[in-house]
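Take a look at the structure set out below.
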Amino acid sequence: MSTCPRCQAEENKIRVEHKGLNAQGELVWTIFNCESCAFTWRDSEPATTIDYDKREEFFRVDPEKPYPVIMPPAQYK
Amino acid sequence: MSNKNPPLSDKALEVARRIGSLRDFLEFLKENGQCINWSEEVYPEPDIRNVAVAAGRDSMNGPAVIFDNIAGYPGKKMVLGVHGSFTNIALLLGHPKGTTIKELFYDIISRWGADEPLLDFIEPDKAPVNENRLTSNFNLYDLLPLYRINEYDGGFYIGKANVVSRDPRDPDNFGKQNVGIYRIQVQAPGEFTLLSVPAHDMGRHIMAAEQEGVPLKISVMLGNHPAMCMFAATPIGYDESEFAYASQMMGSPMRLTKSGNGMDILADSEMVIEAELMNGVRSFEGPFGEFPGSYSGVRKIPRFKVTAISHRNDPIFENIYIGRGWTEHDTLIGLNTSAPIYAALIKDFPEVVAVNALYQHGLTGIISVKNRFAGFAKSVAMRALGTPHGTMYLKNLIMVDDDVDPFDLNEVMWALSTRTRAEDTIVIPNMPMIPIDPAAEVAGKGHRLIIDATSFMPPDKLGSDSKIVTPPAGPEIDAIAKVIQMLQNGGQS
C-alpha cells in the first residue's frame, strides 16, 4: 500500500494505525491513515474502495483544493 | 403538564423497570424473537454492511443483529439494528408485536410533555461503565470493531454515539447540558472529528469554547439505554435536558453518574470516551453516506482528542446502518421527529389529528387535519413550516383530512388522487433547507412544497355533488383485523 487510494499521497504520508490479529495472534488486516487527506482504510477492503484506479473518480480528493470549513475559527477574530 | 399525561400501562411500566441498559434490552428483544446472533465469521468490510442492509429491509419487524465473530477482532461484539424496526420500538414501549405505527405515534404523544425527571445518581465507583478505565495509550481501532459503513465513506464512523457536552459559558447548568447524536469519524488511535453545525446545541458549545479560549470537554456515550438514543436525536428546547426527557418518556428512573471530566453520563452504558476539543483545529472529514440516501461531501471540521475511556467488561459496540432508506436511522428518529411537530401545532390548532414525519427526518411530512373552513389546512401547513424542526427540514408537506390515516400511504394516495387540484399546491421559493439535502437549490437553501389534499368545503363548490362511500371503520374493525392477522399466524398474536 504505497500511496493513498483517495489522493495518491506518497508513502511517507501514510501512517499504519492498527494491525488486526486473529485469536492465534496472526495478522488478519492492517488499517492505514493518510495524513494528507485523512482517508482511513483497511487492506482487506474491496478494491472498489481501496484501489485508486477502481474507485469512482467522483470520490477522489485533492487536499490542495479548498473544501468547506465548518464553523471557521477565523470568523471569531 | 405532567398531570395531563395519562398513566402508562402496567406492561409499559414493567418493561421500563426491567430495561436499564442496552444489555437488558438485547435480552428482552431476544426473548421476543427480535434479536439474532450472527456467529459466522464476517470481515469488517463489506460483510457487516451487507448483513446490516439485509436485516434492515423489514422496517416493521427486522431484528437487531449481534456480531460476535469479526475477523481481526477476536472476542469483540458489535450490534446493529437495535432500533431498526417499529416492532423493536413497540416492545421498548411495552406493546406487543403487531402494534401499528399509528398506535405508536399516539403512545408517544400521550407521553409527550411529562415534566417529572426520573433520574437516580450513583457514585462513579459503583457504575458498571467504570468497570475498566484507561487514561493513556488509547487505541479506538483496537477497542471498537470499527468498519466502513458505506463504501465511499472517508473513514470509519461511530454513527450512534450519544455525545454529552456542557455550555462552556454556563458549565453548571444541567438543562443546558446537551446530549445529541453526531457523526464521529475516527481520525487517529486517540483522535476523532465530530460534525456539528451552529444550529445544533453542540455547535453552539464549540463556538463558545473557541471564542472564549476555554476548553470544551465532552463525553461520548456508546451502547446506551435504548430510550436515550431515541431522545438524544429528538429536537427539544436548548435548556431542556435529554436525560430528563428520556426518563420521563419511559416512566422509570434512569441511572446517571459523573464522567471523569465532569459530565453527567449514563451509569450503565457500554463505553464512555472522554475527549477535549482541539481549539481552532479543523480536519478533513467525509464523505459520509447520510440519511437522505446520498453522500455528504468532504469538509474540514472540528477535531477532538481522547483524554480517558471507561468501559464495561466485554463492551458491546452499538452502531447503525445509515444510507439510502429505509434504514435504522429512519425508524430510530421517525416518531420522535413527528411528535414535537404535532405538539407544537396542537397548541394553536386542536384540529390537527396526526403528523407523519417519518420520511428522511421529515423532508416529507404528512399532516392529518380537520378543516375548520375552506383553505384552513394551508394555514396549518404554514404554521408547521415555522416549527423548530419544520424550519429546516419540512420540505414537502402533504395535508390530508382527519378521515385519512397519514401513516397509511394507500390512504394518503387516495386523498392525493381524489382531493387534490393542481392549484392547491403551493411552492415557497428560496427557503432555508438542511445543507445535506441533495435537492437543495444551493446547499442550505431551496424550495418548499405544500400539497393540500384535503377535501373541499364551502364556499368552495367543487365536489359538492359527490358522496364518499363509508365502509365500516373504527375500533371494532381494527379488532377484527387483528384477529385475522392472528389466525394467519397460526393462532399466535
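The values are calculated or read from the model by the stated rules, or taken from the named source; none is laboratory data. This structure is a prediction, so every number in the text was calculated from the model and none was measured. A quick note on method: Cβ atoms are made from the backbone with ideal geometry, for glycine too, and the neighbour counts reach across all protein chains shown. Heads up: the accessible areas ignore ligands, DNA and RNA and are worked out on the full protein's heavy atoms, side chains in. Shrake-Rupley method; radii C 1.70, N 1.55, O 1.52, S 1.80 Å.
Within a Cβ distance under 13 Å of residue B:83, other residues only, what is the Lys/Arg minus Asp/Glu net charge? Each step should come with its number before you reach the end.
Details: positive: B:160; negative: B:318, B:328, B:330.
Taking every other residue near residue B:83 into account, the sum is -2.
Using just the alpha carbons, could you tell me how many Å³ per residue the convex hull of chain A encloses?
Values: hull volume 10.4 nm³, N = 77.
Considering the Cα atoms of chain A, their hull volume per residue is 135 Å³.
Over the range B:151-280, what is the mean sequence separation of C-alpha contacts under 8 Å (at least six apart), divided by residue count, expressed as relative contact order in percent? Write out the running numbers ahead of the final one.
Details: 237 pairs, mean separation 36.2, N = 130.
Contact order relative to length: 28 percent.
Taking accessible area as the heavy-atom solvent-accessible surface of the protein chains with a 1.4 Å probe, which residues of the range B:126-145 lose no less than 10 Å² upon going from the isolated chain to the full protein assembly?
Listed in order, they are B:139, B:141, B:142.
Taking only protein heavy atoms and a 1.4 Å probe, what accessible area per residue, in Å², does the range B:349-465 have with all protein chains in place?
Ligands and nucleic acids excluded, the result is 45 Å² per residue.
Hey, what did chain B get for relative contact order, percent, Cα under 8 Å, at least 6 apart? Please list the in-between numbers first.
On the way: 1065 pairs, mean separation 68.8, N = 493.
In percent, rounded to a whole number, it is 14.
Residues of the range A:34-51 with accessible area at least 10 Å² lower in the all-protein-chain context than alone (1.4 Å probe)?
At a threshold of 10 Å² (probe 1.4 Å), the residues of the range A:34-51 that become less exposed are A:36, A:37, A:38, A:39, A:40, A:42, A:44, A:45, A:46, A:48, A:49.
Which of the residues in the range B:236-284 lose at least 40 Å² of accessible area when you go from the chain alone to all protein chains together (probe 1.4 Å)?
B:282, B:284
Whenever you get a sec, compute what percent of the accessible area on the protein assembly as shown sits on carbon and sulfur atoms (1.4 Å probe).
Carbon and sulfur: 52 percent of the exposed surface of the protein assembly as shown.
For the range A:1-57, report the accessible area per residue in Å² (1.4 Å probe, heavy atoms, rounded to an integer).
Accessible area per residue: 50 Å².
A plus B alone minus the pair: what accessible area, both sides summed, probe 1.4 Å, in Å² to 100? Show your work: numbers first, answer last.
Details: alone 5970 and 21190 Å², together 23980 Å².
That pair of chains buries around 3200 Å² in total.
Net charge near residue B:430: determine it from the other residues with C-beta under 15 Å of the C-beta of residue B:430, scoring Lys and Arg +1 and Asp and Glu -1. Intermediate values should be presented prior to the final figure.
On the way: positive: B:395, B:445, B:448; negative: B:437, B:441.
Summing Lys and Arg as +1 and Asp and Glu as -1 gives +1.
Between helix B:201-212 and chain B, what is the angle of the helix's C-alpha long axis to the longest principal axis, kept within 0 to 90° and rounded to the nearest 10?
Between the helix axis and the principal axis of chain B, the angle is about 50 degrees.
Report the Cys residues of the protein assembly as shown lacking a disulfide-compatible partner, meaning no second Cys Cβ under 4.7 Å from their Cβ.
So, B:35, B:229.
Helix B:22-31 against the longest principal axis of chain B: what's the angle in degrees, Cα atoms only, rounded to the nearest 10?
60 degrees
So, taking all protein chains as they sit and a 1.4 Å probe, how much accessible area belongs to residue B:333, in Å² rounded to tens?
We get 10 Å² for residue B:333.
Averaging sequence separations of C-alpha pairs under 8 Å and six or more residues apart, then dividing by the length of chain A, give the relative contact order as a whole percent.
Working: 103 pairs, mean separation 19.7, N = 77.
So the answer I get is 26 percent.
For the range B:354-425, which chymotrypsin sites (Phe, Trp or Tyr not before Pro) are both in a DSSP coil and crowded by at most 14 other Cβ atoms within 10 Å?
Working: sites: B:359, B:373, B:376, B:393, B:407, B:414; in loops: B:373, B:393, B:407.
Those that pass, being in a loop and sparsely packed, are B:373.
In degrees from 0 to 90, rounded to the nearest 10, what is the angle of the helix B:475-488 Cα long axis to the longest principal axis of chain B?
Roughly 60 degrees between the two axes.
With all protein chains present and a 1.4 Å probe, how do B:482, B:160, B:76, B:347 order by accessible area, largest first?
The residues order as B:347, B:482, B:76, B:160, largest area first.
Counting only protein chains, not ligands or nucleic acids, how are B:229, A:7 ordered by accessible area (probe 1.4 Å), most first? Could the numbers behind the result be given before it?
Numbers: B:229 0, A:7 25 Å².
Listed by decreasing accessible area, they come as A:7, B:229.
So what is log10(I(q)/I(0)) for the range B:328-436 at q = 0.20 1/Å, when the Debye sum runs over its Cα atoms only?
Debye output, listed in q order: -1.08.
Once you list every other residue whose beta carbon is under 11 Å from the beta carbon of residue B:351, what net charge do they have if Lys and Arg are +1 and Asp and Glu are -1?
Numbers: positive: B:370, B:372; negative: B:348, B:401, B:402.
The answer is -1.
Debye sum, Cα scatterers, the protein assembly as shown, no solvent: what log₁₀ I/I(0) at q = 0.06, 0.08, 0.09 1/Å?
At q = 0.06, 0.08, 0.09 Å⁻¹ the computed log10 ratios are -0.31, -0.56, -0.71.
Assuming 1.567 mPa s and 4 °C, estimate D for chain B with Stokes-Einstein, Rh taken as the Kirkwood radius over Cα pairs, in µm²/s.
Roughly 55 µm²/s, to the nearest whole number.
Compute the accessible area per residue over the range B:1-117, keeping the other protein chains in place, probe 1.4 Å, unit Å².
Ligands and nucleic acids excluded, the result is 44 Å² per residue.
With n ≥ 4 as the cut-off for DSSP H runs, can you work out [θ] at 222 nm for the protein assembly as shown, using -39500 (n - 2.57) per run divided by the number of residues, rounded to the nearest 500?
Result for the protein assembly as shown, helices only: -7000 deg cm²/dmol.
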